[in-house]
Amino acid sequence: MVGMVGVEATRRTVLVVDDDREVQQAVREELANREYEVVIASDGEAALRLLDALTPDVLVLDLQLPHVSGPLVAARLRMMARPPRLLICSAIPFAPEIADDLAADGVLLKPFVRADLRSEVERLLGK
């Protein structure tokens with residue numbers, strides 16, 4: 001039983017905020033098997049509710065979301081005592097510029113290669 005507690009303590013949480021089910025599935029498949037707990041929000045409103053309930057280690061955030069935009073979700077991070085590392089994941093051609101404006105820790109353009117996603121998350125976590 002003690003071993004199980006230790007295993008859970010080492011898991012890092014990645015909150016994925018994207019309304020595209022294919023992206024959600026790709027992120028889940030790539031990260032869940034690598035000792036990450038993957039939590040999914042399909043819109044900005046759901047992301048804000050989740051951010052009130054948990055503190056993820058990494059937030060993978062699309063910029064174009066229903067209900068509440070990605071930049072507004074990113075602004076909420078500034079109010080957190082321990083904000084997660086922010087990875088912008090978007091198909092918008094000027095996403096890198098927006099990521100800079102949001103003080104994001106990284107940017108990944110869609111469509112992305114799954115291994116690049118994993119590498120970027122690991123980089124953000126210092127692995």
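Based on what the data block shows, is residue 72 in a helix (DSSP H, G or I) and either in contact with a strand residue (DSSP E or B) (Cβ under 7 Å, 6 or more places away or on another chain) or on the phi > 0 side of the Ramachandran plot (or both)?
No, not satisfied.
Can you tell me which residue is nearest to residue 35 (Cα to Cα) among those in region 75-85 that are surrounded by fewer than 22 Cβ atoms within 10 Å (Cβ to Cβ) and in contact with a strand residue (DSSP E or B) (Cβ under 7 Å, 6 or more places away or on another chain)? Can you show your working first?
Applying the first criterion (surrounded by fewer than 22 Cβ atoms within 10 Å (Cβ to Cβ)) to region 75-85 yields 75-83, 85.
So of that shortlist, the ones also in contact with a strand residue (DSSP E or B) (Cβ under 7 Å, 6 or more places away or on another chain) come out as 77, 85.
Values: 77: 24, 85: 17 Å.
Across region 75-85, the extreme among qualifying residues is 85.
All but one of (1) outside any helix (DSSP H, G or I); (2) under 17 Å from residue 13 (Cα atoms) hold for residue 51, so report the exception by its number.
(1) is the only condition that residue 51 fails.
Being modelled with pLDDT of 95 or more and either hydroxyl-bearing (Ser, Thr, Tyr) or part of a loop (DSSP other than H, G, I, E, B) (or both) is the requirement here; does residue 104 meet it?
On the way: modelled with pLDDT of 95 or more: yes; either hydroxyl-bearing (Ser, Thr, Tyr) or part of a loop (DSSP other than H, G, I, E, B) (or both): yes.
Here the answer is yes, as residue 104 does meet what is asked.
Residue-wise test of (1) closer than 22 Å to residue 20 by Cα; (2) out of contact with any Gly (no Cβ under 7 Å at 6 or more places or on another chain); (3) of a type in the set (A, V, I, L, M); (4) at pLDDT 95 or above.
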position: 43; (1), (2), (3), (4): yes, yes, no, yes
position: 71; (1), (2), (3), (4): yes, yes, no, yes
position: 90; (1), (2), (3), (4): yes, yes, no, yes
position: 100; (1), (2), (3), (4): no, yes, no, yes
position: 109; (1), (2), (3), (4): yes, yes, yes, yes
position: 119; (1), (2), (3), (4): yes, yes, no, yes
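How many residues, within region 19-40, are within 18 Å of residue 110 (Cα to Cα) and among the small types (Gly, Ala, Ser)?
Here the count works out to 1.
The values are calculated or read from the model by the stated rules, or taken from the named source; none is laboratory data. The structure presented is a predicted model; accordingly, all values stated were derived computationally and were not measured. Please note: Cβ atoms are built from the backbone with ideal geometry, for glycine as well, and neighbour counts cover all protein chains shown.
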